[in-house]
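First the structure, in the form of structure tokens, and then the observations on it.
The values are calculated or read from the model by the stated rules, or taken from the named source; none is laboratory data. The structure presented is a predicted model; accordingly, all values stated were derived computationally and were not measured. Virtual Cβ from ideal backbone geometry, glycine too; neighbours counted across all protein chains shown.
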Amino acid sequence: RRLLHKELTGERIIVVSNREPYIHTKEHGRVEIHRPASGLVTAVEPVMRACSGTWIAHGSGSADRETVDRHDRVPVPPSHPDYTLRRIWLTKEEETGYYYGFANEGLWPLCHIAHVRPIFRLSDWQQYKAINKRFADAIVKEADSDDPVVLVQDYHFALLPRMIRSVLPKATVITFWHIPWPNPESFGICPWREELLQGMLGSTILGFHTPFHCKNFLETVDRYLETRIEHESSTISHGGNLTLVESYPISIQWPYPWQDTIPTVDECRNEILTSLGLSPTHLIGLGVDRQDYTKGILERFLAVERMLELHPEMVGRFSFVQIAAPTRSALDDYQAFEAQVRNLATRINQRFSTGSYQPIILKAEHHEPELVNRYYRAADVCMVTSLHDGMNLVAKEYVAARDDEKGVLVLSQFTGAAHELHEALLVNPYYIEQTADALFQALSMPAFEQQERMRSMRALVRDFNVYRWAGRMLLDAARIRQREKLALRIG
Ligand code: G6P
């Protein structure tokens, strides 16, 4: 946090993302404020609170849209504002093409190896370009100098860096890609691959979660564009602009936001078990995800089923709680996935239920972060079984929530987090037997071993927290800015 303040003295940063950090909705005539389920928001929001500036995002709630001034510009967080949220409103048609279509039916499956086929429609691409332009115009309006620091977030805005640079050539554009970057063959099926890459190369810094994603990106650029790539410094020179491609593993806030106010682990455990109608000695596994086909929720349920088959003594003693926030439900693939999750939970429950006992407790609704944290503190095991994931912050949140140094993390080897949290039980989620074994191992792990593993994972999340993530990028940006200023003077 201190590093951030130092790097930003005198700077007002502009963050751009599709998802907004606070959603105002009208419920029963009253305006309610929700925090969305989004890894991006989890990470970037504390950074924005530590800095000042403006966050530009797509207005997604229902309340503001209806009011006279539509709250286009609101000070947030609502209780004690630190920065400004600037909302851009989209029509249904624009949202369908840009967000649901190109971003989530095209780029999302293109970048994740989850074996869902990307869909590329010309009309979606046109909306994507138009909305990127709309955000670029908003940034230019927000900038109070000719060299602003702009943080562009994620795959919704691949074209934005170049658009910003064409109007504000001296801007420092830091782009962070929150999802994986695929290999050149996979990326190459996108009909507009060159334009996307050229757009991203308007960035001063282009960040990914892992060195592997950086390597894939450099190879993709090498395959499809005429550029000069310096592998030693990891830079790409294209159209007179130099881009540093670097890995910055994202993280979460530390100290843990509810540290001083949240009830003890025992209290959370009692509260959650009582609310679920379970006895105090019942064992709890936990999954927390958006209902997205990349998250491996079905594979996780199958592993729970297999574990109960192999260890019948766990039937009646262990339940798996899945918090599954609905997401992108307007899309067919997501609706079909929600139904698959429901049906599989029902089938497994029918197989093992006795009396009121249910092995899978599916909570398919949005939960606010504070409540999710109580679940983290109540759970004996947390399972993160993504088929592919940029980082996965649920893994880090679980670790941060366990100040009692108990609890076990079962973690997919296909997440960015697996590159850092080596003391988790790492699994291949496609291999159901292995995941079932890991779940059982977690449930029977002695307390001293839990403590040993949890302690070193907590040290890592503490030391490499989200302020460090942002601080490292801003430090690199400050160095580049300084170098450019000197070069101008000499030139
Ligand atoms: C991923 C993406 C984020 C996105 C989040 C939630 O973490 O990288 O950009 O905000 O999913 O998805 P949604 O479509 O609801 O914003």
Single condition Phe187 does not satisfy, out of (1) without any contact (Cβ under 8 Å) to a residue 60 or more places away in the chain; (2) over 15 Å from Val16 (Cα atoms): (1)
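Confirm whether Arg347 is of a type in the set (Lys, Arg) and surrounded by fewer than 22 Cβ atoms within 10 Å (Cβ to Cβ). Give the derivation first.
Details: of a type in the set (Lys, Arg): yes; surrounded by fewer than 22 Cβ atoms within 10 Å (Cβ to Cβ): yes.
It is true that Arg347 is of a type in the set (Lys, Arg) and surrounded by fewer than 22 Cβ atoms within 10 Å (Cβ to Cβ).
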Scan the stretch 167-191 residue by residue and report those that are more than 16 Å from the ligand (Cβ to nearest atom), part of a loop (DSSP other than H, G, I, E, B) and β-branched (Val, Ile, Thr). Ile189
I'd like to check something: does the stretch 224-233 contain any residue that is in contact with a Ser or Thr (Cβ under 6 Å, 6 or more places away or on another chain), free of Cβ contacts under 8 Å to residues at least 40 places away in the same chain and crowded, with 17+ Cβ neighbours inside 10 Å? no
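Listed here are the residues, each with its yes/no results for (1) touching a strand residue (DSSP E or B) at 6+ places or on another chain (Cβ under 9 Å); (2) without any contact (Cβ under 8 Å) to a residue 24 or more places away in the chain.
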residue	(1), (2)
His28	no, yes
Val47	yes, no
Gly106	no, no
Arg117	no, yes
Do the conditions hold for Arg377, that is, is it more than 20 Å from Cys268 (Cβ to Cβ), of a type in the set (Lys, Arg) and modelled with pLDDT of 95 or more? no
Residue ranges of strands (runs of 3 or more DSSP E) in the stretch 355-470 with at least 1 members within 16 Å of the ligand (Cβ to nearest atom), within 18 Å of the chain's Cα centre (by Cα) and crowded, with 17+ Cβ neighbours inside 10 Å: 381-384, 408-412
